[in-house]
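Undergrad: Quick one: structure below, then a few questions.
The values are calculated or read from the model by the stated rules, or taken from the named source; none is laboratory data. Just so we're clear, the structure is a prediction, and the values are computed from it rather than from any experiment. Cβ sites come from the backbone with ideal geometry, for glycine too, and all protein chains shown count toward neighbours. Only protein heavy atoms, including side chains, enter the accessible area calculation; ligands, DNA and RNA are left aside. Shrake-Rupley method; radii C 1.70, N 1.55, O 1.52, S 1.80 Å.
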Amino acid sequence: MDSIIVTGGSPLHGQIPIAGAKNACLAVMPAALLSEEPLTLTNAPRLSDIRTMTELLQSLGAEVTHLQSGQVLALSGHDLNNVTADYEIVRKMRASILVLGPLLARAGRAVVSLPGGCAIGARPVDLHLRALEAMGAELDLREGYVHAKAPPGGLHGAEFEFPMVSVGATENALMAATLAKGTTVLKNAAREPEIVDLAQCLRQMGAKIEGEGTSTITIEGTDRLHGATHPVVVDRIELGTYMLAPAICGGEVECLGGRMELVGSFCEKLDAAGIHVEETERGLKVARRNGRVNAVNVVTEPFPGFPTDLQAQMMALLCTAEGTSVLEERIFENRFMHAPELMRMGASIEVHGGTATVTGVERLKGARVMATDLRASVSLILAGLAAEGETLVSRVYHLDRGYERVEEKLSAVGATIERVKGE
Ligand code: UD1
């Protein structure tokens, strides 16, 4: 298993290009199953999660070709010949459940293994299932698989209110509704930019959708969808992560492709911490002046609130703030696994349930630490950038699920970071 070694202390200067969003790409790829015609995605990120989704779609008979070293994905659901998403693939990535809605809508049947993914809490899929049930799907859970069947005339439109906001369940229901008979109204829908991106892609394919980006999405089902080309939206989590790099270790970095509306609530917290963010023609420029950052309190919430996927990285920043910060995790239980690792680097953190209290220390110290999930791994790298001495982050396969060429991007702006190949 590969490790990453970071030597802290150098301020960062330069530009970092931000890739297309992993989570948006993982949602639009299964949309290819909804049509017989080709779907081309541009601005795709080159990540192991995208390869896992590729493998999954191919196992269903879809064609997926990676062009331009993976930045363009050519997909076709023309020869769909299997409706079973096997455990061996699904266990690697929770987003695999996103094939359920499209398969059910297009083929009338789907057998999908219950997912694995990051170990950040129970993460059930009941909301996905309930939304599809409202559209007439008959569901049966057997031996770790969801066996789903559409009624004889196919799925029908429905009014469904999500009891809590779920990104994935909104995506599954949205895709299924595009081919359902009649109108579907999704209430208390997720408003994340990845939902807007998916709706835009589906609309390009001929779907009739209104209200994406608000909590009520209305979908008028159609008989068939056609081919399309769609650019994947910028990754707001990668953006926020790299914005934190100069915030943590000083300097000035321009994140190319960054847009303020993707990271509004996050930027408010950076501002409160004393980090300067400026919109430029090409992206967002972040600068940290001398001195310690201010402590700030953070509560994670669905979009447009502070994203849970930036909580670990924000904690890395607050470890060296002046004063005490309280971080409240409201989306996932058990998402503070990075805290004990940060403490190995000298951070002072107390975790009680879903709340972490971070008392800033003057300096972190390099240590051997272990990546426990995707966002936790990158938070340890960020902390390593600010720490005195060398930090070795092991088990970085989590990192490769969500960050492309992290060591290249950071060393290009002056960080001392290298990957050590493991067996
Ligand atoms: C997506 C993102 C993930 C991000 C999360 C929240 C992808 C591939 N992943 O995950 O990076 O952290 O949104 O912004 O896009 N829940 C249920 N039942 C369900 C579904 C969810 O109880 O059927 C709960 C979850 O356990 C969690 C909360 O709802 O507590 C939000 O989860 P959800 O928005 O569904 O996250 P994902 O779509 O899995």
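Undergrad: Would you work out which of S10, H276, L104 lies farthest towards the positive end of the dipole of the chain? Charges go on Cβ: Lys and Arg +1, Asp and Glu -1.
TA: S10
Undergrad: Another one. Quick one: how many lysine pairs in the chain have C-alpha atoms under 17 angstrom apart, if they're 8 or more apart or on different chains?
TA: Total qualifying Lys-Lys pairs in the chain comes to 7.
Undergrad: Turning to a different aspect of this structure: Using only DSSP helix segments of four residues or longer, with each worth -39500 (n - 2.57), what per-residue ellipticity at 222 nm results for the chain after dividing by its residue count and rounding to 500?
TA: -8500 deg cm²/dmol
Undergrad: Taking the Cβ-Cβ separation of N294 and Y397 as r and a Förster radius of 41 Å, what is the calculated FRET efficiency to the nearest 0.05?
TA: FRET efficiency, N294 to Y397: 0.70.
Undergrad: For labels at T280 and E133 in the simple 7 Å Cα→Cβ model, what's the distance in nm?
TA: Going from the T280 label point to the E133 one covers 5.2 nm.
Undergrad: Excluding ligands, DNA and RNA, what is the solvent-accessible area per residue of the range 162-233 at a probe of 1.4 Å, expressed in Å²?
TA: Roughly 35 Å² per residue, with all protein chains present.
Undergrad: Given a 1.4 angstrom probe, I'd like the percentage of the accessible area of the range 55-138 that is carbon and sulfur, rounded to a whole number.
TA: 45
Undergrad: Taking the Cβ of H78 as the centre, find all other residues whose Cβ is under 13 Å away and add up their charges (Lys, Arg: +1; Asp, Glu: -1).
TA: Taking every Cβ under 13 Å from that of H78, the sum is -2.
Undergrad: Per residue, what accessible area does the range 1-146 have, given a 1.4 Å probe and all protein chains present, in Å²?
TA: The answer is 37 Å² per residue.
Undergrad: How large, in percent, is the carbon and sulfur part of the accessible surface of the range 252-300 at a probe radius of 1.4 Å?
TA: C and S fraction of accessible area: 39 percent.
Undergrad: Which FRET efficiency value, to the nearest 0.05, is calculated for V361 and E301 with the Förster distance at 30 angstrom and r the Cβ-Cβ distance?
TA: Approximately 0.60, to the nearest 0.05.
Undergrad: Shifting gears a bit: What does the extension gain come out to for L67 and A272, with contour length at 0.36 nm per residue minus their alpha carbon separation?
TA: Full extension from L67 to A272 adds 69.6 nm.
Undergrad: Would you work out if the range 156-230 is rounded, prolate or oblate? Take a ≥ b ≥ c from the square roots of the eigenvalues of the alpha-carbon gyration tensor; rounded if a/c is under 1.5, else prolate when a/b is larger than b/c, oblate otherwise.
TA: Oblate is the answer for the range 156-230, as a/c is 1.5 or above yet b/c matches or exceeds a/b.
Undergrad: With every protein chain left in place, what is the accessible area per residue of the range 262-369 in square angstrom, probe 1.4 Å?
TA: Each residue of the range 262-369 exposes 45 Å² on average to a 1.4 Å probe.
Undergrad: Given contacts defined as C-alpha pairs under 8 Å and at least six residues apart, what's the relative contact order of the chain, whole-number percent?
TA: With pairs under 8 Å counted, the relative contact order is 21 percent.
Undergrad: Roughly how many debye, to the nearest 20, is the charge dipole of the chain about its Cα centre, given +1 on each Lys and Arg Cβ, -1 on each Asp and Glu Cβ, and no other charges?
TA: 380
Undergrad: Please compute the contact order of the range 62-153 in relative form: average sequence separation of alpha-carbon pairs under 8 Å and at least six residues apart, divided by the residue count, as a percent.
TA: 23
Undergrad: A follow-up question, please. Near L198, within a Cβ-to-Cβ distance under 10 Å, what is the net charge of the other residues, with Lys and Arg +1 and Asp and Glu -1?
TA: Residues close to L198 contribute a combined charge of -4.
Undergrad: Follow-up question, since we're still on this one. Leaving out ligands, DNA and RNA, what percent of the accessible area of the range 330-388 is carbon and sulfur, probe 1.4 Å?
TA: Ligands and nucleic acids excluded, carbon and sulfur reach 50 percent.
Undergrad: Okay, moving on. Can you pull the one-decimal nm distance between simple spin-label points at T216 and E143, each 7 Å off the Cα toward Cβ?
TA: Each label point is offset 7 Å from its Cα along the Cβ direction, giving 4.5 nm.
Undergrad: Could you work out how far apart the two model spin labels at E408 and S265 are, taking each label as a point 7 Å from the Cα in the direction of the beta carbon, and quote it in nm?
TA: 3.4
Undergrad: Can I ask one more? With θ set to phi - 60°, apply the Karplus curve 6.51 cos²θ - 1.76 cosθ + 1.60 along the range 174-187 and write out the HN-Hα couplings as whole Hz, x wherever there is a Gly or Pro.
TA: 4, 5, 4, 5, 5, 10, 7, 7, x, 9, 10, 10, 9, 9
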